[in-house]
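Student: Mind having a look at this structure? Questions to follow.
The values are calculated or read from the model by the stated rules, or taken from the named source; none is laboratory data. Owing to the predicted nature of the structure, the values given are computational and were not obtained by experimental measurement. Here the Cβ is made from the backbone with ideal geometry for all residues, glycine too, and neighbour counts use every protein chain on show. In case anyone asks, the SASA skips ligands and DNA or RNA and just uses the protein heavy atoms, side chains included. Shrake-Rupley method; radii C 1.70, N 1.55, O 1.52, S 1.80 Å.
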Amino acid sequence: MQLPENPKPPRRGILAALRNNFFTGVVVIAPIAVTIWLVWTLIGWIDSWVLPFIPGRYNPLLLIQHYTGLQVDIRGLGVATFLVFAVIVGWVAKGLIGRSLIRWAESLVLSIPLVRSVYSGLKQIVETVLAQGEQNFDRACMVEYPRKGIWAIAFVSTKAKGEVADRLGDDLISVFLPTTPNPTSGFLLFVPRKDTIELDMTVEDAAKLIISAGLVYPNGKDAKKAIEAMAASKTAK
């Protein structure tokens, strides 16, 4: 008995091909367009805040209009002015006179009750953000969380210090366990170094894996090494 032949799959039409090409183009263009729009909007917002504080005799836009008669809008001029001003203030602040002036100004601000609270909070936020910008995670690792047998990717911050190390032991490391798909939130864990598995993948690749909820694996070789390391650690235990 001869079985009937399987019907050939229908050929894709022109409209289906155009639709797929359109969605592919959107996937490529959308991130670039949104990024450019955000940067352009941010620059305009900074210009709108900075330029009104520049005196008229020093405002470049007014000077151009005065000498050429042209009314132009140079996007980013306020950002450049702010950067130059910040560099000058930082240079002055490093000197003895600058430090004295800053201490005097801070003592004056801190003597005002309401302003003192606002200034102290903003200063702490700025210092924390700048400190985080200078310090990055060392490497990616895997820890058993939330229970034994379940593994999660975390970022190694530093070795445990201070009271935490004194009370729990020196062989502890602090790791940041991010959430998916938002890696900016998560948990700070203090884990024994022997209970972690260091990964060969970079911190950036580990972040991609977390953000994509496991759909984008940066490097298959790293995945194989991580699996072998986990198997070896279980065998050793």
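Student: I'm trying to understand the selection: among the residues of region 118-157, which are at pLDDT below 80 and hydroxyl-bearing (Ser, Thr, Tyr)?
Tutor: Result: TYR119, SER120, THR128.
Student: In region 158-181, what residues are open to solvent by 70 Å² or more (accessible area, probe 1.4 Å) and not hydroxyl-bearing (Ser, Thr, Tyr)?
Tutor: Residues satisfying the conditions are LYS159, LYS161, GLU163, ASP166, ARG167, LEU168, ASP170, ASP171, PRO181.
Student: Kindly list the number of the only condition in (1) more than 25 Å from the chain's Cα centre (by Cα); (2) closer than 30 Å to ARG116 by Cα; (3) surrounded by 11 or more Cβ atoms within 10 Å (Cβ to Cβ); (4) charged (D, E, K, R) that fails for LYS94.
Tutor: Failing condition for LYS94: (3).
Student: Just checking, does region 28-50 include any residue being touching a Lys or Arg at 6+ places or on another chain (Cβ under 8 Å) and at pLDDT below 85?
Tutor: Checked region 28-50: at least one residue is touching a Lys or Arg at 6+ places or on another chain (Cβ under 8 Å) and at pLDDT below 85.
Student: Quick check: anything in region 148-157 surrounded by fewer than 13 Cβ atoms within 10 Å (Cβ to Cβ) and either β-branched (Val, Ile, Thr) or closer than 16 Å to ILE210 by Cβ (or both)?
Tutor: For region 148-157, residues surrounded by fewer than 13 Cβ atoms within 10 Å (Cβ to Cβ) and either β-branched (Val, Ile, Thr) or closer than 16 Å to ILE210 by Cβ (or both): present.
Student: I need the full set of residues from region 182-192 which are assigned to a strand (DSSP E or B) and either aromatic (Phe, Trp, Tyr) or surrounded by 15 or more Cβ atoms within 10 Å (Cβ to Cβ) (or both), in order please.
Tutor: Answer for region 182-192, where residues must be assigned to a strand (DSSP E or B) and either aromatic (Phe, Trp, Tyr) or surrounded by 15 or more Cβ atoms within 10 Å (Cβ to Cβ) (or both): GLY186, PHE187, LEU189, PHE190, VAL191.
Student: Going residue by residue through region 153-176, is there one that turns out to be among the basic types (Lys, Arg) and in contact with a helix residue (DSSP H, G or I) (Cβ under 9 Å, 6 or more places away or on another chain)?
Tutor: yes
Student: Do any strands (runs of 3 or more DSSP E) entirely within region 61-180 hold 1 or more residues that are among the aromatic types (Phe, Trp, Tyr), and if so, which?
Tutor: Here the list reads 151-159, 172-178.
Student: Sticking with this structure for a sec: Tally time: how many residues in region 32-87 are open to solvent by 90 Å² or more (accessible area, probe 1.4 Å), closer than 25 Å to ALA105 by Cα and more than 25 Å from the chain's Cα centre (by Cα)?
Tutor: 3
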